[in-house]
Each structure stands twice: as structure tokens, then as C-alpha cells.
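Accompanying notes for the structure given below.
The values are calculated or read from the model by the stated rules, or taken from the named source; none is laboratory data. Small disclaimer: the values here were computed from a predicted structure and weren't measured. Neighbour counts run over all protein chains shown; Cβ positions are idealised from the backbone, glycine included.
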Amino acid sequence: MQHDNGLTVSLQPHTSGPRLLVVAGDLDHHTTPRLRAALEGVEFGPDADLVIDLSGLTFCDSTGIATLVAAHQRAQDAGAALLLAGLDPDIARVFQIMGLDQLLSFYDSPEEAVRALSK
Amino acid sequence: MRRKEPEVSTVDEAPGRPMPLASAREARRLAAVRRYAALETASGAAFDRVAALAARIFHAPFATVTIVGDDTVRVIAAHGLPPRRGLVESLCAAAVRYGGPYVVPDTLLDPRAAGDPAVLGEPGIRFFAAALITTPDGEALGSVNVMDVRPREAGDEELACLRDLAGLVMDELEVRLATHRTVEVERELRAGAERLARTLQRTLLPPALPRVPGLCAAAAYHPVSADEVGGDFYDLFPLDGDRWGFFLGDVCGKGADAAALTSLVRYTLRAAAVYDADPHAVLANLDAVLQQEHAGGEAPAPYCTAVFGVLQPDGDGFGVTLATGGHPPALAVRANGVVEPIHPAGGQLIGILRNPHFAQVSARLNAGDALLLYTDGLTEARTPSGSMLDEDGLTAYLAAAGPTSADALLTTVHDLITALGKGVSDDTAILALSVPPATRTPSSGSLGAA
């Protein structure tokens, strides 16, 4: 199947609280390098957390999953939190079958993820 | 030392026959003719227009475009001539073999033309002029020819135009050759890729499942695309004693990398099971191997999802111990038609996570029960309403089909995949196991353990 939606990745400027990375479109073999590059540019550290807004994500293949897992491990190493927000229910279901729900934190919206961090 | 051969053979001066020049040179020329595939393929409107233009420029009634092969002169375009008439074969062939522009003001006075039927009979050709169609490396393939029924001279301007027309024919043949070669190369590449895909696919899947006493087993692979190798795998194989191992899974990615990873996973699972068949331990072993495979690598971490199980004959059924790593639940279709998952909660992806958790569960397959293992190509398929089929959709479909056997399960899933049509976007591998239903004969005893 062709996934022609492309991918947009944008890091919202840091105001207060965690940074927000907005990812929209199809995350596949062709587009994942863009997300990987964006994530590699993110410095993680204690209190330098990241929320990834995936509410515009329409497709996620195995390379996308590998990239999110790698980012999570980097955040964990640096003592930072990486939160996923707004995941499509079908993609969330796939993540759950893969046992990733035990690893990654899912929130309905970026706002909810930010609130969870401020607690 | 070999004696040096003379480069030019003796010229045969027999009238009415093409004059054989150096055989080596003619062989080179014929090789060029074959290269351009001109004898087989060249014809078409472009060449017809060249012939028509040639006739108009000379104010002559007839013109042809000819290619000279070994012993044939092929007319690829003609203007003004009745079919199969007026072909001055001898002159066309002579023009090519002589080289250079070629004009015969009166054929009756030329020994090479005198015996030609087109000169002696209809239409009675008396004038002949030819310009050679010459390849960039100087081989004459044929000529553009103009003919008249009266003797005459050819002007310099007319001959220059004729040469240009011959050049046009050559340009067209070049384009056709390039196109032909591109198509050929593409066809070869494609055939090679398809051969590789088929070979790899054979190495990924077992050629046939073994016969397990008291058990029916069946497997199928539903590829989405014929030319891209998927990463689904399965196997059923003997362990120590009367135990059997089986697995089914899916590696990340597609294509050659996925195929290589699939082989690694398959052989690791089988080897790990020989060492320690405990399903949890087998998956942990596989995880360690995949983690090592990636260690320090730049490429995305390779990983897979899999179900690994051990079958232990037990009375008229089998005990089943299953471990899963990030894989969709195996579904049991019980003898009474109830469909239930045999799925330990919490198994995670294999090969990519730190301290992954692999879950294990034990169950029984009794007489009349069947077990379905599948890859996510099936459950992630879209139904006509656009929603994901998911485990619930598959469960409902199997429940509607009722009690079943391994073979019937395969058919049921095949029908489902066919019905989902374009909704299926990934390969699906299926492994089905079933225990034959209890026979109603009074003679008791376990089923056909041969």
C-alpha cells in the first residue's frame, strides 16, 4: 500500500514546560529519517522533557516504531521523560499488542501530557 | 607463429551477384545489422515518409528503404511500388557492399543489374540511386534507394538530400536500439529480482510441514506483492522425545534486509529450541541474538514479533505452552465453536527493547480443537467500513465459521483475505494446528498415534 501523506515534523519553541514535537502524516521507511533527525537534535536531560504530539499521525510502520523506541531510551538515559500524545486508536492498538504500552506513556492530548509532567 | 591471413579475399566478378569483399568486414557489418535488430523490427510510418520524400526529391516514381542481411534484402519502406515488385535486390546489396553513394544511370549498361528481374521485367527499372544507412562506427546496414523507369543522371543536390534521408533513417534506428536495450535491461533486471524473491521466499518458509502423529497442521503465506519479499515466517519441527516445536512471526521491514533478518530469526529459534525448548527461554535467546546483531550499528535496530510454542502429546490431545513477544494473540477454535485467545499478557517486541518481557501461558488442545497463528497483515487489514479488522473482527469471523480443522481454518482465512481484498496491505502468514475430533466408535483409546 502506498502511504502518500508525507510527513511534517516541527519542534515548537520552548516557552515554559516541556518541548513539543508535532509529527503529522505517514511515518514509514521513507519519512522516518526526518523524525530521527529531529529527535537527534533534541537535547534530553533532567527537566528537559519532550512531548510528541502524534494526533496528526496517519500511519506508523516498523521503522517509525524503532525510532520512537530509540528516542525513549535516549530520554530515559538522560533522566528525561518522553510522552506520546494523541495517538490514533488503531495505531495505539498496534503499540499495545507489541507491548510498547508498558514502556511509553500515552496521553489523549498534548495538553494532558504537559499536565501530567507538571504534577 | 600463425601465418598472417590475407585481409581481402579474391573478388568474384560474376555479374548479377553481390560482390563478396573481405569476409571479416562483411561479418562485422552483419553483426551491426543484427545489433540494430533491423531485420526483425524496423518498419513504420517514419520510414514510409523517408521513402516518399526521396521519390519526391528525385521526381521519381519509386523509392525504398532497404536493409541488407546475410542473404536477404529486406524492404522496410516502399513508395510507389507494387508489393514484392520492383525490388532491385542485386543493386541494393551491391550498394551496401561497395560502400559510398551509388548511382546507376542506366541499369541495362551495368553488369550487376542486368540480370535483375525488376530490370528485365515489370516495372522495368532503368535508373537506380542509393545512399547508405551507416552506423556511427561505419557499418552499412542498408540504403535509401530511388528508382525510375527511364535512364537519367542524379544531381549533386538530389544525392545530398538522399544522404540526409539515409542519416534520418539511421537516427531513427539508433533511437529504436536505445529503447530496445532499455526494455531488455529492464526485463532482465526484473526477471533477476523475481528469481531472487522466489529463492529467498523458499528459504524463509519450510517447503512442507512435517507429519505430527495425532495432529493436523497446515500453513499458508498470502503475499501482497509478488516482487517484494515480506518478513513473515513460520515452522513446525520435532523436539526431543515426542514433543514438537512451532513458531510464527514477523520481522520489521521488507525486501532483502528483512529476508536476511528472517533467516537469522528462523535458525536462531530452531537452534535455541534444541538447547532449551522452554518457550520463554527461546524468545529470550532470540532477543539476545538480535540485540547483538544491532550492537553499535547505524541502521535502524532489527526486531521482530513472534509466537513460539511447544506441543506435548497428552491423552487424546496436546498440551501447549506458548510464549509471545509483541505478537497478536493466537486464537483457539474449540470443538464447540467457541473462539478464545491463547495469549499471555504483556509480551514485548523482540530484539529492540532493554530488559524486554516475554510472557508464557499453558493451554490444552483437546480433540476437535484448532489453533490459529497469524501475522498482523490479517488483523491490521481494513474492513470495507474503513476500520481495522483487529482481533475482535477475526474472532467474530472464526466464530461464525464454527468448529474447524487446520485445513478448514486455512480456507476460512483465505476466504476472509479474499473478501477484504485491497483492505489487506501487508503480507499474512498463517499456521493452523488441529486435533482430529473424537471418533464416536465404542472402541476407546487415544487417536491415531501412529
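A few points about this structure:
- Residue in the range B:285-300 that is assigned by TED's automatic domain parsing to the domain that holds B:Leu410, among the aliphatic types (A, V, I, L, M) and assigned to a loop (DSSP other than H, G, I, E, B) present: yes
- If the condition is being part of a helix (DSSP H, G or I) and either of a type in the set (S, T, N, Q) or surrounded by 13 or more Cβ atoms within 10 Å (Cβ to Cβ) (or both), then the range B:148-159 contributes B:Glu158, B:Leu159.
- The set of residues in the range B:292-328 being surrounded by fewer than 24 Cβ atoms within 10 Å (Cβ to Cβ) and within 12 Å of chain A (Cβ to nearest Cβ) consists of B:His294, B:Gly297, B:Glu298, B:Ala299, B:Pro300, B:Ala301.
- The requirement of being at pLDDT 90 or above, of a type in the set (Gly, Ala, Ser), farther than 30 Å from B:Leu420 by Cα and not in a helix (DSSP H, G or I) is satisfied by A:Ala80.
- Failed criterion for A:Thr63 (all others in (1) modelled with pLDDT of 90 or more; (2) in a helix (DSSP H, G or I); (3) in contact with a helix residue (DSSP H, G or I) (Cβ under 8 Å, 6 or more places away or on another chain); (4) more than 24 Å from B:Ala345 (Cα to Cα) hold): (1)
- Consider the range A:92-111 and keep the residues that are more than 14 Å from every other protein chain (Cβ to nearest Cβ) and closer than 26 Å to B:Gly326 by Cβ. The one that is farthest from the chain's Cα centre (by Cα) is A:Asp108.
- Residues in the range B:331-352 that are within 14 Å of another protein chain (Cβ to nearest Cβ) and on the phi > 0 side of the Ramachandran plot were compared, and the one that is surrounded by the fewest Cβ atoms within 10 Å (Cβ to Cβ) is B:Gly346.
- Test: residue in the range A:37-44 that is within 14 Å of chain B (Cβ to nearest Cβ) and either farther than 30 Å from B:Leu261 by Cα or surrounded by fewer than 22 Cβ atoms within 10 Å (Cβ to Cβ) (or both): yes
- Given (1) within 19 Å of B:Gly337 (Cβ to Cβ); (2) modelled with pLDDT of 95 or more, index of the condition B:Glu391 fails: (2)
- Residue count for the range B:146-185, restricted to those that are under 38 Å from the mean Cα position of the chain (by Cα) and modelled with pLDDT of 90 or more: 5
- A:Asp61 in contact (Cβ under 8 Å) with a residue 24 or more places away in the chain, of a type in the set (D, E, K, R) and within 12 Å of chain B (Cβ to nearest Cβ): yes
- Elements of the type strands (runs of 3 or more DSSP E) sitting completely within the range B:163-272 and holding at least 1 residues that are surrounded by fewer than 19 Cβ atoms within 10 Å (Cβ to Cβ): these cover B:216-222, B:232-238.
- Taking the criterion of being at pLDDT below 95 and either away from chain A (no Cβ under 14 Å) or out of contact with any helix residue (DSSP H, G or I) (no Cβ under 9 Å at 6 or more places or on another chain) (or both), the only residue of the range B:353-368 that qualifies is B:Asn355.
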